[in-house]
Each structure stands twice: as C-alpha cells, then as structure tokens.
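Just below is one structure, and these are the notes that go with it.
Derivation of every value follows stated rules applied to the coordinates shown; laboratory data play no part. This structure is a prediction, so every number in the text was calculated from the model and none was measured. Methodologically, a virtual Cβ is constructed for each residue, glycine included, from the backbone with ideal geometry; neighbour enumeration extends over all protein chains shown.
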Amino acid sequence: MACLLTTIPPELRDDIIERVLLYERPAPSDISSEHPNREHAPAEAILNAKKGSASRVRLERSTPTCNAAGLVCASHQLASETRAVANRLKLVYKLDLLLVHETWLWPTWTCLPLPADRIEHMHVTIRLLARPPAQHKVGLLSSYRGPPALMWALYFLLESGLTRGFAFRDQPGRPSRPICVQNLTLDFVERGYKFDPIQIRAFITRDPTARVDHAYDAWVLNQYRPRPLPTAEPMRIHWFARIVRPYIDLVVRDPWNYKWSAVVHQRVGSVVIAICGQTMYTLDVADVLATLRAKHHFTDVLEGFLPMLRAYMVETLALRAKRGLPVPATTRVLDGVGNT
C-alpha cells in the first residue's frame, strides 16, 4: 500500500492523506450493543484521583489507533507528507464522552488523526444516554467531605488521558505517551436542543440574574432524597454543564489544590465549556496562573504553605515553556503580591 501511494500524483496522494487524517468513527448510540465492548478502568491507573473514582469509568476494550499511524511508519516520504498535510489542516482530536444512566462515563475516541505529544485542539463531546433506574443514587451532587463521585471520575479521565495518553491506562509492552493540549473544549450536546445562549450562560455560571429553572430545582431536590423518586423530567445537558463548571474552577483556580491542579496547569492552555457548539465559559490557564494567590486566616499556616506554592509555580512555568504552552510574564505567587 505504501509503495502504491508513492507512485500516484502528489495531488491525489495529498487528498488520500487528508481523508485518512479526518476520518471519524461513529459514536456509540445504543447501550446494549456497546456494553460488551466496555471494561472497567483499572484501579492502578489512578494517580491523584480519589480511590475508587475509576469504578465509574468504562473504557473501550480495544486500544485506540491513530488514523495515520500506518502512513507515518511506512516511509520517510509518506511521514513527511502526512505531517505537512496535518499542519495545513489544523487537526482537531475528538473524544465522545457518554454519561450513561447519569452514573457511568464511557469515553470513545472518534477522531485520532496522528500520534502526538502536543495537541492544538481537542474537542470533547459530552452526551447523556438513558435515564437511571428508579430510586438509583447517581452521585452527581453530593459526597462526604469532597466532590461527588462522578466529578472524581471526570477528573480521573482528565488526569489519565493527559498523563497516559489516548488509552487512559498503561499497556503491557507499550510506554505511556503523555500529551498536552493547547485548547480543550468540553461541548455539552443534546440532540434537537434549543436554548437562549444568554440565559444558559447565566445559568451555567450561576449568575444571580439568571432566570429561575424550576425543573432543575425539582431535579436537585429529588437527587438529595435517600431514594430518588421517578421523575417525569429527565436530566438536561445544560444542568450537567452547570454541575461540572465549578469543579473545573476548583481544580484550576484554588492554589490549595495544586496537587490536583498540576495536570491542568502544566498540560493545558485553555478550557472552554460550550453548549451545542456555542461557547459559554472560557478559562485561560496562563491568566489564572498569573493571578493565583493564596489566602488563609492564620498567618503561620500561610507562611508554611507559600514556599511550597512558589516551588510549584517555578516548576509549572518551566514545564509550560518546555511544552510550548503560554507562560505568564509575571505571577502574584512569585512576585509576593496579594498572598495574605
């Protein structure tokens, strides 16, 4: 096949390479047919995520393969031409993330153009599939002393994806290939969903001017019951976006969480929350690092913490520069401004 490609006209060869790079797998649409293809995420894959967080994740049994992996390995000529076409196309890596029964996360790579350590654009489509059984506790809103279970599962996917690569886990005989992402978009999608962007943006960011959503309030109250009642109102995709957004802020903006923030601070350029393709909230990680500051009521606690935070900031800025991510010119942490 490689020999055949090198004999055809360059224009036709470029067209074939482009089609290979842009190929997209269909995303899962049915639980019963997809379930046999899923397996539990291995508990040993957990790094900083809470113990047990992987139990809510069902990974694909098969190892994801990049579209043009064969072309890159075939010959120097095809590898060079493939990368030239990739640079021209500004490729987007695509992940479909299903929230099944409001309880489990099923990630599926639908477009992996090339093996890469640095990705310019990653688009994560988040969808809901099937309502939970009656009286089923989904673990979306509350947890004892920390984020709810499903938020830890999301963090596990974020952490394992960035530090272990596309497979989300270590594989025998294959070294992990960590990645960094310049632009990470979380796009919450619901088929046929019509919405007012201004109102939904206010709802997701918890703006006090947002219109009251009585259906959401009723759903929240039901989730806090020991045994949730069957409800006529299914969960909506923008409700899930509203739940996720503050936990993204918690990971990225809180200096006291730097142990968990490192995976984003050191490997992501920006995070965007979108609803059906429309941007609702943007978090520029370099801007956050520039303005990050630690506060505490007790001076001795703060003074003991600041040296660790400064060392972390020095390491983080160096890693971002090495990985080609934006680095702030100044930071409050290193300049000693506002840490009181």
Margin query: For the stretch 1-105, take the convex hull of the Cα atoms, compute a quarter of its surface area, and give me that in nm², please.
Written below: 9.3 nm²
Next item on the list: State which entries of Lys50/Lys295; Lys51/Lys295; Lys51/Lys194; Lys194/Lys295; Lys94/Lys259 exceed 30 angstrom in Cα-Cα distance in the structure shown.
Entry: Lys51/Lys194; Lys194/Lys295
Notebook entry, point to check: For labels at Lys90 and Ser62 in the simple 7 Å Cα→Cβ model, what's the distance in nm?
Noted result: 3.2 nm
Next item on the list: Grab the beta carbon distance between Ala321 and Val189, set R0 = 22 Å, and tell me the FRET efficiency rounded to 0.05.
Entry: 0.05
Check: Please report, for the Cα atoms of the chain, the Rg to one decimal and the Dmax as a whole number; what are they, in angstrom?
Finding: 21.8, 73
Note to self: If I take R0 = 51 Å and measure r between the Cβ atoms of Gln199 and Ala311 in this structure, what FRET efficiency does the formula 1/(1 + (r/R0)^6) give, to the nearest 0.05?
What the structure shows: 0.70
Item checked: Whether the stretch 193-254 is rounded, prolate or oblate, judged on the alpha carbon gyration tensor where a/c under 1.5 counts as rounded -> oblate
Next item on the list: Using only Cα atoms, locate the centre of the stretch 207-249 and the centre of the stretch 5-83, then give the distance between them in Å, rounded to an integer.
Entry: 34 Å
Next item on the list: Mind giving me the FRET efficiency for Asp30 and Leu141? R0 is 25 Å, r the Cβ-Cβ distance, nearest 0.05 is fine.
Entry: 0.35
Next item on the list: Using just the helices of the chain, give the 222 nm mean residue ellipticity in deg cm²/dmol: DSSP H runs with n ≥ 4 each add -39,500 (n - 2.57), and the total is spread over all residues, rounded to 500.
Entry: -11500 deg cm²/dmol
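From the Cα gyration tensor of the stretch 142-280, with a ≥ b ≥ c the square roots of its eigenvalues, which class applies: rounded if a/c is under 1.5, or else prolate if a/b is larger than b/c, or else oblate?
Because a/c hits 1.5 or more and a/b exceeds b/c, the stretch 142-280 counts as prolate.
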